[in-house]
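A short write-up of the structure that comes next.
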Amino acid sequence: MSNLFCSSIGRKLVMSLSGLFLIIFLIVHLSVNLMLLVPDGGETFNIAANFMALPVIKYGLQPVLALGFIVHIAYAAMLTAQNNKARGHNKYASGNSTKEVMWASKNMFVLGIVVIAFLAVHILDYFVPLQITHGAKEVTIGGATMHDTYSLVKETLQNPVKVILYIIGSLALALHLTHGFWSAFQTLGASNSIWRKRWTVIGTIFAWVVSLGFCVIAITMFLS
Amino acid sequence: MENNINLTLKVWRQNGPQDKGRFETYKLEGVSTESSFLEMMDVLNEQLIGEGKEPVAFDHDCREGICGMCSLYINGRPHGPDDDVTTCQLHMRKFKNGETITIEPWRSAGFPVIKDLIVNRSAFDQIIAAGGYTSVSTGGVPDANAIPIPKPDADEAMDAASCIGCGACVATCKNGSAMLFVSAKVSHLALLPQGKVEAARRAKAMVSKMDELGFGNCTNTGACEVECPKGVSISNIARLNREYLKAKLAD
Amino acid sequence: MKLDSKIPEGPLAQKWENYKASQKLVNPANKRNLDIIVVGTGLAGASAAASFGEMGFKVKNFTIQDSPRRAHSIAAQGGINAAKNYPNDGDSIYRLFYDTVKGGDYRAREANVYRLASVSNDIIDQCVAQGVPFAREYGGLLDNRSFGGAQVSRTFYAKGQTGQQLLIGAYQALMRQVNAGTVEMHTRTEIVDIVMVDGKARGVIARDLVTGEFSRHFGHAVVLATGGYGNTFFLSTNAMGSNGSAAIKAFEKGALFANPCYAQIHPTCIPVHGEFQSKLTLMSESLRNDGRIWVPKKKEDAEAIRAGKMKPTDIKDEDRDYYLERRYPAFGNLVPRDVASRAAKERCDAGYGVGSTGLAVYLDFKSAIERLGEDTIRARYGNLFQMYEKIVDDNPYATPMMIYPAIHYTMGGIWVDYELQTTVPGLFAAGEANFSDHGANRLGASALMQGLADGYFVLPYTIQNYLADDIRTPRMTGEEKEFVEAEKAAKDKFTKLLNIKGNRSVDSIHKELGLVMWDFVGMARNKKGLEEAIEKIAAIKKEFWTNVKIPGSDKGMNVELEKASRLADFITIGDLMARDALHREESCGGHFREEYQTEEGEAQRQDDKFTYAGCWEYQGEDKAPIMHKEDLKFEVVKVAQRNYK
């Protein structure tokens, strides 16, 4: 398997596995964020969010997560460049009018860039004050002192521009996932004519649940 | 029923592989809607010869949708605006009077243009030569009924084997990927006990050749399946991925 | 010239075994030093080239297409015959042999046909081992269906794409040899001449269709597997590129052309519908398994249909004339092709034809759909029905298909002996390009069988018998004067064509030739018409050589130039066909002379005078060819009037 990752299918495998890994991260992220909706003034959310500060997470899992993002993005860039080259210099003058092809599937790179932009805003808004500058406010719950992540989120989401950015980011993520989810399984070979339909349905539901989940939270926080 | 229509054709003309190429526009009148697209091209060529111009070169042979020789990217689609057909089976009743039709060659780094609308698809032969066969020589084989093959497997192998090697999948793919073509052959043979024997070797050799020849990476858009005149399914691509990864992990 | 067919000694069933037991072989070390040129990559060419490569010969293989997989064998739909007798319905090698000889109207060489039948089973084994996905039953074993001219089910099939699957099997075997380095593949390359050295075929002159450049190629032996010449008729079921040029080159070098008048007219093609038409599309004979052929019983119904006032579905069953079932109750809709074609012509000529031109009959699946259900019919013929619908824009599940006969296959071809060697030493011909095996009419699903038999199981033996004497012949470089001269002659011919600079396109002259062929040398021929045809063809020849217009130059790709060089040879073939048809004063198989028919309109052979193969020898440009006879002896089969009643 030495040169596996030099092959087209090997490179796609990297995309598939890193993508699935990021999907798991999304599930965890959404689960934590849903705690924002618990009407206890943010207590539950803060406790949940505080686990991110645990050393094992901060020094153990976060680099892995970052690596997941970096690999996924770097390979996407590499594959896109190769694919452009494979397409040739001359483009079709009559464009492409093939129907029945999912729009998202042809625009994964663009969607990915939107998601990265969203990610960058996210890092500036939360990761920096919570984990680097520690500029976020603190709160004590049950004797433990921790960042008041809840207030930080609430403050950020009072800004309608931010809310709109969040919604755009979430929608791009949804589209990215509608294709990315089943595609990951296709690349792994865990698909056939029956399972392709199943993965597509599961993927679509998952994409919109995640995306709308984030949107609902953002809107709720804005309105509250 | 039968109707005559007038058309404007925007056709890609290129004198040779090194030529830059350009579009030329031709008017064609009184084309029968009962004629096939290539018969319309014949009429155009007769007109051009009459005018002392060089006719448009395009690939075609059997004109019944099976040899895979005809190509043409017509109004944004390989094999034109009808489903499950090759260009030779496309009929002019699919076009309207006064329509402008843009006709281009397959475009992909893997298929360089030879002249006008003709491209070089020998890359496909090279991929098959790399491993798209069972290594049996003539004679000395067992009786045809010695190994029963479940009908569903045989049928699925047949569906994969119905690929005509026309290259529409590569032509339509935004990545210029040949995965549908390669996967159809790998699937066809991997599904049958006769081909199963060297399935791992075959998958590796064919993918490696495909990559070497400069085809792109599959991103599962599924456009190939839509444009395939024989409806070869992308579930074959999943099987190829499976076969390939299995083979590589076993190395 | 005395024709020696080299039929081995012994009883019929033992001849091939005897041949193999006594033939000369070439040892492995010598095989590496022997070159074989194979022209064509259809079933015969690809299977021969692959087999030679596997054996260790150095092979050069040429095709005019961009890939060997495009050869027109790919378009065969229905199936391939073999005497496996898997269905246990009474088949045997002898039965397949007998049906083929009878189907060929007793104009084939018994020994060749018997060999064909006896290797038929090996072909199926070979193809299955290559991964050809033949149709199977639920038990996992191979399925068979029935075909015209047989009372058993012996046809193996892969949906309606049997030719494609068999060709891809052979193509894959060929590409394996390309990969192994034993076969050198030349695509988009046309053979423009055969090089003779000391009376033997020693190579070819090739023209690269992309660059227009000529090249010289040496071979200790040359195999032509270039298919038939049906495109002489312009409209045929052959591919646009199918041509008889290599065969004519062989003819001009002294190979005899046998039985050129035997052309098969296939009964089930989509009817002609317009001036602009470029080719005819075949609907597989297998459709006659479940489809019933009919025309209206009443002339007024037929007239109403032609005028568009009535639909076929409006005609009640009792008003339909299922003429094949009526005339031939024993075989019904499954009579051989020549019989079915003539019966369709007879009905249309009598005024019962349908379609806007009156030149069509119905092929109806109503009873089959009622009996088996639409799903079963869809499973059997789905792709053929889809194809029909795409072309005609009519749903054959609801209204009957319209069909009419069209030129499909040529039984005639280069004369070969039992070893498939032509009268030119070292020049072999295989598949449709040769004249063997099918006599005056070919049965359905037998062309694939013959092509593969020749390539996989006959030539690999017989060519060794020739090459064994050639192991001391060193490779030639292509610089020898014979090669240089042949190349110059070929170049001159192309220059001559380009310099005509007349006013008519190649296609317009080809269409004119096609019409003459169809009208006078088609389904029904007579003395007066054939004499007229010979004159008309001579006039067309003159017109061609003085008035053809070929734009462009000989540099780079020039499709019109390619077409013109092929048309020049089609004109030669057209003339040969007409001459052969004129001389053969009898009706047999695909050759029907109106003067020789029974009162019921059936073909009437003249066995006492014409039980031979008519073999034409080239005499030079603009000279009439002369004919030699190979007498056919029937030692096993009793020659009788064919009876499908």
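Tell me whether the stretch C:543-551 contains one or more residues that are of a type outside the set (A, V, I, L, M, F, W, C), more than 14 Å from chain B (Cβ to nearest Cβ), open to solvent by 20 Å² or more (accessible area, probe 1.4 Å) and free of Cβ contacts under 8 Å to residues at least 40 places away in the same chain. Yes, because at least one residue in the stretch C:543-551 is of a type outside the set (A, V, I, L, M, F, W, C), more than 14 Å from chain B (Cβ to nearest Cβ), open to solvent by 20 Å² or more (accessible area, probe 1.4 Å) and free of Cβ contacts under 8 Å to residues at least 40 places away in the same chain.
Of B:Cys218, B:Cys163, B:Cys169, which residue is closer than 27 Å to B:Cys62 by Cα and not in a helix (DSSP H, G or I)?
Details: B:Cys218 fails: closer than 27 Å to B:Cys62 by Cα; B:Cys169 fails: not in a helix (DSSP H, G or I).
None of the other options fit; the residue is B:Cys163.
Across the stretch C:266-298, the number of residues qualifying as open to solvent by 10 Å² or more (accessible area, probe 1.4 Å), more than 14 Å from chain B (Cβ to nearest Cβ) and either at pLDDT below 90 or over 22 Å from C:Asp393 (Cα atoms) (or both) comes to 3. Considering the stretch B:93-119, the residues that are part of a loop (DSSP other than H, G, I, E, B) and more than 10 Å from chain A (Cβ to nearest Cβ) include one that is nearest to C:Lys390 (Cα to Cα), namely B:Phe95.
Scanning for something more than 25 Å from C:Gln161 (Cα to Cα), out of contact with any helix residue (DSSP H, G or I) (no Cβ under 9 Å at 6 or more places or on another chain), of a type outside the set (Asp, Glu) and in contact (Cβ under 8 Å) with a residue 60 or more places away in the chain, does the stretch C:315-336 turn up at least one residue? Yes, the conditions are met somewhere in the stretch C:315-336. Find all pairs meeting these conditions: Cβ atoms under 9 angstrom apart; at least six residues apart or on different chains; first residue within the stretch A:112-126 and farther than 17 Å from A:Phe181 by Cα; second residue among the polar types (S, T, N, Q) and surrounded by 16 or more Cβ atoms within 10 Å (Cβ to Cβ). From residues that are farther than 17 Å from A:Phe181 by Cα, the pairs are A:Phe118/A:Ser170; A:Asp125/A:Thr156; A:Tyr126/A:Thr149; A:Tyr126/A:Thr156. Checking C:Gly254, C:Gly199, C:Gly228 one by one, the residue that is crowded, with 24+ Cβ neighbours inside 10 Å, among the small types (Gly, Ala, Ser) and in contact (Cβ under 8 Å) with a residue 60 or more places away in the chain is C:Gly228 and no other.
Here is the figure for the stretch C:59-86: residues that are modelled with pLDDT of 95 or more and outside any helix (DSSP H, G or I) total 17. There is no residue in the stretch C:576-588 that is away from chain B (no Cβ under 14 Å), out of contact with any Cys (no Cβ under 9 Å at 6 or more places or on another chain) and over 16 Å from C:Tyr106 (Cα atoms). Might you let me know whether the stretch C:141-164 holds any residue that is facing another protein chain (nearest Cβ under 9 Å), of a type outside the set (Asp, Glu) and assigned to a helix (DSSP H, G or I)? Within the stretch C:141-164, one or more residues are facing another protein chain (nearest Cβ under 9 Å), of a type outside the set (Asp, Glu) and assigned to a helix (DSSP H, G or I).
With respect to the conditions (1) within 14 Å of chain B (Cβ to nearest Cβ); (2) over 21 Å from A:His29 (Cα atoms); (3) at pLDDT 95 or above, A:His179 lacks only one, and its number is (2). Checking each residue in the stretch C:377-401 for being closer than 22 Å to C:Glu325 by Cβ and more than 31 Å from the chain's Cα centre (by Cα) picks out only C:Thr399.
Every condition in (1) under 23 Å from the mean Cα position of the chain (by Cα); (2) at the interface with chain A (Cβ under 9 Å from one of its Cβ atoms); (3) part of a helix (DSSP H, G or I) holds for B:Arg242 except the one numbered (1).
So if I check each of B:Lys246, B:Lys230, which one is buried (at least 21 other Cβ atoms within 10 Å of the Cβ), touching a residue at least 40 places away in the same chain (Cβ under 8 Å), basic (Lys, Arg) and out of contact with any Phe, Trp or Tyr (no Cβ under 6 Å at 6 or more places or on another chain)? Let's see the steps before the verdict.
Working: B:Lys246 fails: buried (at least 21 other Cβ atoms within 10 Å of the Cβ).
One residue alone meets the criteria, B:Lys230.
Restricting the stretch B:206-217 to residues that are open to solvent by 20 Å² or more (accessible area, probe 1.4 Å) and within 9 Å of another protein chain (Cβ to nearest Cβ), which is farthest from B:Leu72 (Cα to Cα)? For the stretch B:206-217, the residue satisfying everything is B:Ser208.
Could you pull out the residue among C:Asp364, C:Asp394 that is modelled with pLDDT under 95 and either open to solvent by 10 Å² or more (accessible area, probe 1.4 Å) or more than 20 Å from C:Ser236 (Cβ to Cβ) (or both)? Reasoning before the result, please.
Details: C:Asp364 fails: modelled with pLDDT under 95.
Sole residue among the options that is modelled with pLDDT under 95 and either open to solvent by 10 Å² or more (accessible area, probe 1.4 Å) or more than 20 Å from C:Ser236 (Cβ to Cβ) (or both): C:Asp394.
Is there a residue being more than 20 Å from the chain's Cα centre (by Cα) and of a type in the set (Phe, Trp, Tyr) anywhere in the stretch A:212-222? Yes, there is a match, as at least one residue in the stretch A:212-222 is more than 20 Å from the chain's Cα centre (by Cα) and of a type in the set (Phe, Trp, Tyr). For the stretch A:1-57, a residue qualifies if it is buried (at least 16 other Cβ atoms within 10 Å of the Cβ), of a type in the set (Ser, Thr, Tyr) and either over 20 Å from B:Met179 (Cβ atoms) or within 20 Å of the chain's Cα centre (by Cα) (or both), and the qualifying residues are A:Ser16, A:Ser18, A:Thr44.
Out of B:Glu54, B:Glu64, B:Glu29, which single residue is touching a strand residue (DSSP E or B) at 6+ places or on another chain (Cβ under 8 Å) and either at the interface with chain C (Cβ under 7 Å from one of its Cβ atoms) or hydroxyl-bearing (Ser, Thr, Tyr) (or both)?
From the options B:Glu54, B:Glu64, B:Glu29, the qualifying one is B:Glu64.
Each row is one residue, and each column tells you yes or no for (1) touching a Lys or Arg at 6+ places or on another chain (Cβ under 9 Å); (2) not hydroxyl-bearing (Ser, Thr, Tyr).
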{"site": "C:Phe233", "(1), (2)": "no, yes"}
{"site": "C:Ser236", "(1), (2)": "yes, no"}
{"site": "C:Ser245", "(1), (2)": "yes, no"}
{"site": "C:His273", "(1), (2)": "no, yes"}
{"site": "C:Ala307", "(1), (2)": "no, yes"}
{"site": "C:Asp321", "(1), (2)": "yes, yes"}
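Taking helices (runs of 4 or more DSSP H) as the structural unit, those lying wholly within the stretch A:58-133 and holding at least 2 residues that are closer than 30 Å to B:Glu24 by Cβ and open to solvent by less than 60 Å² (accessible area, probe 1.4 Å) correspond to A:62-87.
If we keep just the residues of the stretch B:44-72 that are more than 14 Å from the chain's Cα centre (by Cα) and of a type in the set (A, V, I, L, M), which is surrounded by the fewest Cβ atoms within 10 Å (Cβ to Cβ)? That would be B:Leu48.
Listed here are the residues, each with its yes/no results for (1) out of contact with any helix residue (DSSP H, G or I) (no Cβ under 6 Å at 6 or more places or on another chain); (2) within 9 Å of chain B (Cβ to nearest Cβ); (3) among the aromatic types (Phe, Trp, Tyr).
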| residue | (1), (2), (3) |
| --- | --- |
| C:Lys60 | yes, no, no |
| C:Gln65 | yes, yes, no |
| C:Arg70 | yes, yes, no |
| C:Gln77 | yes, yes, no |
| C:Ala83 | no, no, no |
| C:Leu96 | no, no, no |
| C:Ala117 | no, no, no |
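Looking at B:Ser108, B:Ser32, can you tell me which residue is outside the structural domain of B:Thr172 (by TED's automatic domain parsing), hydroxyl-bearing (Ser, Thr, Tyr), touching a residue at least 24 places away in the same chain (Cβ under 8 Å) and buried (at least 23 other Cβ atoms within 10 Å of the Cβ)?
Values: B:Ser32 fails: buried (at least 23 other Cβ atoms within 10 Å of the Cβ).
From the options B:Ser108, B:Ser32, the qualifying one is B:Ser108.
Among the residues examined, C:Asp122 does not qualify as on the phi < 0 side of the Ramachandran plot and free of Cβ contacts under 8 Å to residues at least 24 places away in the same chain.
Which one of C:Glu586, C:Glu602, C:Glu594, C:Glu621 is more than 30 Å from B:Ile118 (Cα to Cα) and over 25 Å from the mean Cα position of the chain (by Cα)? If you could, list the steps in order and put the result at the bottom.
Details: C:Glu586 fails: over 25 Å from the mean Cα position of the chain (by Cα); C:Glu602 fails: over 25 Å from the mean Cα position of the chain (by Cα); C:Glu594 fails: over 25 Å from the mean Cα position of the chain (by Cα).
Going through C:Glu586, C:Glu602, C:Glu594, C:Glu621 in turn, just one is more than 30 Å from B:Ile118 (Cα to Cα) and over 25 Å from the mean Cα position of the chain (by Cα): C:Glu621.
The values are calculated or read from the model by the stated rules, or taken from the named source; none is laboratory data. Quantities reported herein were computed from a predicted structural model and do not represent experimental measurements. For neighbour counting, all protein chains shown are included, and Cβ atoms are generated from backbone atoms with ideal geometry for every residue, glycine included. Surface accessibility is based on the protein's heavy atoms, side chains included, excluding ligands, DNA and RNA. Shrake-Rupley method; radii C 1.70, N 1.55, O 1.52, S 1.80 Å.
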